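**Student:** Supplied in structure tokens, the structure appears directly below.
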């Protein structure tokens, strides 16, 4: 009689009860808590245990808001949850580290049904599981405003490797992309695959000097590498043209802005910008389908170079919150 | 010319630039990144490093929303930030673990000034620092809806000790509180001090069987201990009366509900419910100012017992989101 968890009850306790089932480790798969030996903390306690280990742990967080990062009037909740996880996994890719576990905090709009809410978490959890990163805990809330979902992910570098930082670029280094960019708003911002596998291969085979994932646009995120490395960069027009995504051309036909502008300034591509030493082995770069776009220079500017060798400064802008 | 970080510019980049200064380790204080040895990750990279170690790490997250968990029309942003950190530290207290580092994710209302936003983070950071738990990274966003702030905290048990879980209560155990409860809405929900020190002393001196912090109300959070431990509990009226906070009486004068109802059902007290074996040494309990309120029983019910020995069932309810 005291049990507030009544089946069919639409409330936080029922939601958490269902999450417990939803998030249970799949049979035959190792529960990350198993690695804790004598000290597993069960689901639903005040905190969640992370596996111990001799390698450093890293963690990251990303918060997504309805109407800003997704549109629940258009996008399915499962796809929204998937994106909330994938943007965090993209941060793991940017550092070439292996994701381990996630926490999920939500402020659910009171207009959501229980199924909507479960779809949201399921989308995040299933995406995470594919990369060894199940949701292991979190915080559920609701209110009368649009839904906010925040995922936090812990990760660890592979054995004998360090995380790839963004401040290691040096003049003479070459700038590459893991794939073409621009026009992600046409759909890829929701369906992109985090470049974890490619990132791990890059860090194993190419000893990159710096990496970052493109969340706010190629120009702004490249600038973040260059600025924190104390140098500048020049993009080569012909090679940059080869890195423009077909979606950028499609969008260009709609809004009559040049496709290359979309490639430079659209956010949420989630491809990686990779800075490699000039002698990086070409076959490995080719095998990983890396696209060359430019090179690191001494002067603290960002420029675009024409085939004739003329350089013009490239404005650094992109998606910026809280303007 | 390329630098988008213009002093005085009201934007995310400027906000992050100021956060970098705000969150820099105080001179003479160890940077948690120092513990990482050869692999510090600088502020502002894609992820943040947690110190490695042979003891298991735990982590937790709590999300607070304007209009639900605080009211920015009434409360100062510094106090709001402080609360966002303190509720996470309270989870650390509930498991008797030492907080290490925090991540802060925010969706700032576009009505906020830069100073508001900095006060919010400063309030959280300063509170965390007092407990050895600085903010080390995060995610900043803004939108046209009320502010949401989510703190995530990583922690570690003291040497040679295990985290105190909520599922270890056994029939015959005694139920205690770390302080009086009820009426926190009169102000303590914002100004409470997380019971980390008391919790560490309890786990060192009293070998508790279970602990939880009161976020959703004494009855509901006690039920969480009892339910996950597979038993029930009985609260003794006279001793419970001694655990009613003066604020509960004040509130009772306003709303004419019995003060003990406020003690049982008000949320956000953030005192700890502590379950101790019946032979726990009385002097230590007294020194730690623990208040006895009842005892664990076999039957899976929650009841209130009068001095005459009559038991009546106690409804289990409290603050529940997403109803």
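What follows draws every value from the coordinates through simple rules; no lab data is involved. On a predicted model such as this, the values are computed, not experimentally measured, just so you know. Note: ideal-geometry Cβ built from the backbone for every residue, glycine included; neighbour counts use all protein chains shown.
**Student:** Which order results if B:173, A:167, A:298 are arranged by neighbouring Cβ count within 10 Å, fewest first?
**Tutor:** Result, fewest neighbours first: A:298, A:167, B:173.
**Student:** Rounded to the nearest 5, what % of the DSSP beta bridges within chain A are antiparallel ones?
**Tutor:** Rounded to the nearest five, the antiparallel share is 70 percent.
**Student:** For chain A, what is the relative contact order in percent, using Cα pairs closer than 8 Å and at least 6 residues apart in sequence?
**Tutor:** 20 percent
**Student:** For a distance above 39 Å, tell me the whole-number percent of Cα pairs in the protein assembly as shown that qualify.
**Tutor:** 32 percent
**Student:** While we're on this one: Expressed as an acute angle from 0 to 90° and rounded to the nearest 10, what is the orientation of the C-alpha long axis of helix A:246-255 relative to the principal long axis of chain A?
**Tutor:** Relative to chain A, helix A:246-255 is tipped by roughly 90 degrees.
**Student:** Taking only the C-alpha atoms, wrap a convex hull around the stretch A:176-323 and report its volume per residue in Å³ as a whole number.
**Tutor:** 124 Å³
**Student:** So, one more: Using only the Cα atoms of the stretch A:143-257, build the gyration tensor, take square roots of its eigenvalues as a ≥ b ≥ c, and label the shape rounded, prolate or oblate: rounded if a/c is under 1.5, else prolate if a/b is larger than b/c, else oblate.
**Tutor:** oblate
**Student:** Here's something else I'd like to know. Output, in nm with one decimal and in ascending order, the distances from the residue B:277 label point to the matching label points of the other copies (7 Å from Cα along Cα-to-Cβ).
**Tutor:** Here the equivalent label points are 6.1 nm apart from this one.
**Student:** Next up: Relative to the longest principal axis of the C-alpha atoms of chain A, give the angle of the C-alpha long axis of helix A:218-229, reported between 0 and 90° and rounded to the nearest 10°.
**Tutor:** 80 degrees
**Student:** Take residue A:126, project a point 7 Å from its Cα along the Cβ direction, then tell me which residues of the stretch A:67-89 have their backbone nitrogen under 16 Å from it.
**Tutor:** The answer is A:75-86, whose backbone nitrogens lie closer than 16 Å to the label point.
**Student:** Most exposed first by the Cβ proxy, i.e. fewest other Cβ within 10 Å, how do B:251, A:103 rank?
**Tutor:** B:251, A:103
**Student:** How much of the DSSP bridge set in the protein assembly as shown is antiparallel, in percent, rounded to the nearest 5?
**Tutor:** 75 percent
**Student:** If each label sits 7 angstrom from Cα along the C-beta direction, how far apart, in nm, is residue B:74 from its counterparts in the other copies?
**Tutor:** 3.9
**Student:** Same structure, new question: Note the direction-averaged projected area, equal to a quarter of the hull surface, for the Cα convex hull of chain B, in nm².
**Tutor:** One quarter of the hull surface, i.e. the mean projection, equals 19.4 nm².
**Student:** Work out the mean other chain Cβ neighbour count within 10 Å for the residues of A:133-145 and drop it here as an integer.
**Tutor:** What the average comes to for A:133-145 is 5.
**Student:** Something else about it: How big is the gap, in Å, between the Cα center of the stretch A:236-271 and the Cα center of the stretch A:131-174?
**Tutor:** 26 Å
**Student:** Stokes-Einstein D for the stretch B:71-186 at 25 °C, 0.890 mPa s, Kirkwood Rh over Cα pairs, in µm²/s?
**Tutor:** For these conditions, the coefficient is 155 µm²/s.
**Student:** Still on this structure: If neighbour count is taken as other Cβ atoms inside 10 Å, put A:273, B:293 in order from fewest to most.
**Tutor:** B:293, A:273
**Student:** Residues of B:147-157, mean number of Cβ from any other protein chain within 10 Å of their own Cβ, rounded to a whole number?
**Tutor:** So the per-residue partner count for this stretch is 5.
**Student:** Related question: Measure off 7 Å from each Cα along the Cα-to-Cβ vector at residue A:284 and residue B:287, then give the distance between these two points in nanometres to one decimal.
**Tutor:** Those two pseudo-labels are separated by 6.0 nm.
**Student:** If I fit a long axis through the Cα atoms of helix B:12-22 and take the longest principal axis of the Cα atoms of chain B, what angle between them do I get, 0 to 90°, rounded to 10?
**Tutor:** For helix B:12-22, the angle is close to 70 degrees.
**Student:** How far apart are the residue A:191 label points across copies, placing each 7 Å from Cα toward Cβ, in nm, shortest first?
**Tutor:** 5.5
**Student:** With each run of n ≥ 4 DSSP H residues scored as -39500 (n - 2.57), what mean residue ellipticity at 222 nm is computed for chain A after dividing by its residue count and rounding to the nearest 500 deg cm²/dmol?
**Tutor:** Calculated from helices alone, the mean residue ellipticity at 222 nm is -9000 deg cm²/dmol.
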